[in-house]
Amino acid sequence: MGPLGREWLGRGAIDTDPKLEAALCGPGYSSGRHDKLVLESKESLKKRGLHSPDDADALFLTFAQQVMPKPPKPKPDPWRDRLYEAGERAGWRDSWMA
């Protein structure tokens, strides 16, 4: 779980789903090198009789890549607008140039 997922958990909303709850609460954790949090391995979970946390993996994969913000709207272009209007008048609406 990355910082975005950890931050989201504090304010996000998750449907009531026993399978997802088990996937989120089942794995243990420990401190690794440089005091980083290390989640319990899937092999260790299997030895303890727990299922693989596939639903939790899927949830946190949504935070794996930041989404780019929407690009700003293009500034009005009077030349483009005039060409478009001329095309409309010429009947280009249904052509490949529309």
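Just one of the listed residues (27, 71) is in a loop (DSSP other than H, G, I, E, B), exposed (fewer than 10 other Cβ atoms within 10 Å of the Cβ) and modelled with pLDDT of 85 or more, namely 71. Which one of the conditions (1) farther than 30 Å from residue 8 by Cβ; (2) among the aromatic types (Phe, Trp, Tyr); (3) surrounded by 10 or more Cβ atoms within 10 Å (Cβ to Cβ) does residue 60 fail to meet, given that it meets all the rest? Exception for residue 60: condition (1).
Of all residues in the range 25-82, those satisfying the criterion of being aromatic (Phe, Trp, Tyr) and touching a helix residue (DSSP H, G or I) at 6+ places or on another chain (Cβ under 7 Å) are 60, 63. Restricting attention to the range 30-57 and to residues that are part of a loop (DSSP other than H, G, I, E, B), at pLDDT 85 or above and in contact with a strand residue (DSSP E or B) (Cβ under 9 Å, 6 or more places away or on another chain), the residue that is surrounded by the fewest Cβ atoms within 10 Å (Cβ to Cβ) turns out to be 40.
The values are calculated or read from the model by the stated rules, or taken from the named source; none is laboratory data. Just so it is clear, the structure is predicted and the values come from calculations on it, not from any experiment. Quick reminder, even Gly has a Cβ in these numbers, built from the backbone with ideal geometry, and neighbours come from all protein chains shown.
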